[in-house]
Amino acid sequence: MSENEVKNLEDIFEARIARDEKIEPKDWMPEKYRKTHIRQISQHAHSEIVGMLPEGNWISRAPSLRRKVALLAKVQDEAGHGLYLYSACETLGISRDELYEQLHTGKAKYSSIFNYPTVTWADMGAIGWLVDGAAIINQVPLCNTSYGPYARAMVRVCKEESFHQRQGFEIMLKLANGTPEQKEMAQDALNRWWWPSLMMLGPTDAESVHTAQSMKWKLKRKTNDELRQQFIDQTVPQADLLGLTVPDPDLKWNEKTGHYDFGEIDWDEFWQVVKGYGPSNKKRMKDRVGAWEEGAWVRDAAMAYADKKEKRKDLKHVG
Amino acid sequence: MKNQHLYNYILGIADNSLILGQRLGELCGHGPSLETDIAGTNISLDLFGQVRSYFQYAAQLSDDNSATEDTIAFLRLERQYKNVLLVEQPNTDFGYVIVRQFLFDAYHLLFLRELENSKDETLAAIAKKSVKEVSYHWRFSSDWIRRLGDGTQESHERVQEAITDLWMYTDELFHQTEADQAMIAEGIGVNTSKLKDIYYKMVSEVLEEATLEVPENKYFHKGGKQGIHSEHMGYILSDMQYMQRTYPNMEW
């Protein structure tokens, strides 16, 4: 294809996106569009399955049968999200095994929030309320993103996430209205998860390398800083309702801007965790890689069995 | 308690689901593939759902006005749990997980099909709902027995080892406690001794299809139903009861 022809295809492609048309797997797309989407969708899928670990950590210790069932169902939903996001990603011409390989070798990233440990039951509330809350803010605009399979997967993901968020808030509410020990547990969880949740919305706009292109392709509708502000504005009144204190002495309502002003985020901590040196990075990867490696004989057996079955069927046909 | 036998009978059924559900819950996020992970969690969820129905019923029967599904699930001593030894066996590897499930599902399915006819309406209703779930569990675990048994050399050896090791816990499934006998006499309980032959036939057929050997044990383990558990049980309970023990009398 000549340079001119490619340019022409690119123009048609960009015009389709500008008209809000969906791009489907069989449509022509620029290589960069394909790669960017593989990167983002797989990062999202990896976040779902690594995200199962910190919450999975409390399934065996959940304080009541009702909470245990809800937590199991939530972690299972995350596995389901992983499954359809990987499938969406596979439509771009990459296999799930390759995607796992990228995760296990550290080539692909996942949300760094999951590199913090879950140390009390209240963390199950804080993750649902704050982490899923931040995720929703990030994800709702993606229901209208340009790549069809991703947009459709996100519609379902978002519905379930908002249920998880309410469930997390309800855990917090119960603790906040409970005994002094329970309230303290809730406050402690807010203290530990608040700042990482703000970081979860990504580096500041000045530092964000992908923003401009992603906005054009509707992979992003708002910048990281806009999303962060939205999250804070939405969450602070909820903390007030719980009677908990947001751990930021600089947090103040600004009449003029109609938003909350907030303190400086510790970006050194953010980059430390992103680069693999957070409190639980090693443990999370060890668990993922371990499950994969220890499961190899099981996956091999399933393949071998399917092959044998297929051959027996063929023999029957011949006979 | 007016109906101590019924109460004990319910706990005997429910504790199996409770402890097996707990074991499966430990695996969430650590399975060999996303699909098996989701299936394992599903089974765990079904089992805990059943447990809640049973314990809510047991709480109504209890003389203790403060009894709830949670006090029954979390606040007993080890000797008071009535589950069979099979379900408390550890998640050694996927082979053991599947064999444990398979050996229990076959029993569970046969048991629930009979419990559907119980004179006790609540138990019959729980059984009716559960039998659909457990049919799926059985399909899942027996399919995996076939895959692992007739898969690769390695999977064959591993699953055979698990079968051989866990077989000695199967006989206990059919032991009858005093509560069992009382409930059978009243037409409420299931006469499990009648299920034994069908059980071994059902299990053996799948094993043979999976090219696995059916063990010929002379000796079996028992004691779980009387609350004499393996050394694993204390660790399961300290995990499971952690919150309730550490923060007594609180709502979550």
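Values quoted throughout were computed directly from the atomic coordinates according to the rules given, and no laboratory measurement underlies them. Since we're looking at a predicted model, the values are computed, not measured. With ideal geometry, Cβ positions are generated from the backbone for all residues, glycine too; neighbour counts draw on all protein chains shown.
Kindly indicate the residue of segment A:117-154 that is β-branched (Val, Ile, Thr) and more than 14 Å from the chain's Cα centre (by Cα) and also nearest to A:Leu85 (Cα to Cα) among those meeting that condition.
Residues of segment A:117-154 β-branched (Val, Ile, Thr): A:118-120, A:127, A:131, A:136-137, A:140, A:145.
Narrowing the set further to residues that are more than 14 Å from the chain's Cα centre (by Cα) leaves A:118-120, A:145.
Values: A:Thr118: 25, A:Val119: 29, A:Thr120: 30, A:Thr145: 14 Å.
This residue is A:Thr145.
Tell me, please, whether a residue that is within 30 Å of A:Tyr305 (Cα to Cα) and aromatic (Phe, Trp, Tyr) can be found in segment B:244-251. Give the derivation first.
Step one: filter segment B:244-251 for residues within 30 Å of A:Tyr305 (Cα to Cα), giving none.
For segment B:244-251, residues within 30 Å of A:Tyr305 (Cα to Cα) and aromatic (Phe, Trp, Tyr): absent.
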Review point. When only residues in segment B:109-146 that are among the hydrophobic types (A, V, I, L, M, F, W, C), under 26 Å from B:Leu207 (Cβ atoms) and without any contact (Cβ under 8 Å) to a residue 40 or more places away in the chain count, which is surrounded by the most Cβ atoms within 10 Å (Cβ to Cβ)?
Key: B:Leu112
Exercise for review: Kindly indicate whether any position in segment A:291-298 is out of contact with any Asp or Glu (no Cβ under 6 Å at 6 or more places or on another chain), away from chain B (no Cβ under 14 Å) and farther than 22 Å from A:Thr118 by Cβ.
Suggested key: no
Point to revise | Given (1) among the aromatic types (Phe, Trp, Tyr); (2) closer than 19 Å to A:Ala134 by Cβ; (3) in contact (Cβ under 8 Å) with a residue 12 or more places away in the chain, number of the condition A:Trp217 does not satisfy | key: (2)
Check your understanding: Can you tell me which residues in segment B:201-248 are within 30 Å of A:Ser64 (Cα to Cα), touching a residue at least 40 places away in the same chain (Cβ under 8 Å) and more than 12 Å from every other protein chain (Cβ to nearest Cβ)?
Key -> B:Lys222, B:Gly223, B:Gly224, B:Lys225, B:Gln226, B:Gly227, B:Ile228, B:His229, B:Ser230, B:His232, B:Met233, B:Gly234
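Could you check, for segment A:30-49, whether at least one of its residues is closer than 30 Å to B:Ser53 by Cβ and within 10 Å of another protein chain (Cβ to nearest Cβ)?
From segment A:30-49, those closer than 30 Å to B:Ser53 by Cβ are none; that's our starting set.
No.
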Check your understanding: When you look at A:Tyr84, is it within 14 Å of chain B (Cβ to nearest Cβ), under 30 Å from A:Gln238 (Cα atoms), of a type in the set (Phe, Trp, Tyr) and out of contact with any Cys (no Cβ under 6 Å at 6 or more places or on another chain), yes or no?
Key -> no
Point to revise | Answer from A:Ala212, A:Ala304 - the residue that is within 14 Å of chain B (Cβ to nearest Cβ) and either closer than 27 Å to A:Leu103 by Cα or not aliphatic (A, V, I, L, M) (or both) | key: A:Ala304
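Could you check how many residues of segment B:53-87 are assigned to a helix (DSSP H, G or I), more than 13 Å from chain A (Cβ to nearest Cβ) and of a type outside the set (Val, Ile, Thr)? Walk me through how you get there before you give the answer.
Step one: filter segment B:53-87 for residues assigned to a helix (DSSP H, G or I), giving B:53-61, B:69-74, B:78-80, B:85-87.
This time we only want the ones that are more than 13 Å from chain A (Cβ to nearest Cβ), so: B:57, B:60-61, B:78-80, B:85-87.
Now restrict to residues that are of a type outside the set (Val, Ile, Thr): B:57, B:60-61, B:78-80, B:85-86.
The total comes to 8.
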**Study point:** Filter result (at the interface with chain A (Cβ under 7 Å from one of its Cβ atoms) and acidic (Asp, Glu)) within segment B:1-52
**Key:** B:Glu26, B:Asp37
Practice item. Six or more apart or on different chains, Cβ under 9 Å: which pairs go from a residue in segment A:306-318 that's touching a residue at least 40 places away in the same chain (Cβ under 8 Å) to one that's not hydroxyl-bearing (Ser, Thr, Tyr)? Could you list them? Key: none
Point to revise | Inter-residue pairs, beta-carbon under 9 Å, first within 12 Å of chain A (Cβ to nearest Cβ) and surrounded by 19 or more Cβ atoms within 10 Å (Cβ to Cβ) and in segment B:147-165, second of a type in the set (Val, Ile, Thr) and not in a helix (DSSP H, G or I), 6+ apart | key: B:Gly149/B:Thr211; B:Asp150/B:Thr211; B:His156/B:Thr211
Review point. Could you say whether any residue in segment B:32-47 is in contact with a helix residue (DSSP H, G or I) (Cβ under 7 Å, 6 or more places away or on another chain) and among the charged types (D, E, K, R)?
Key: yes
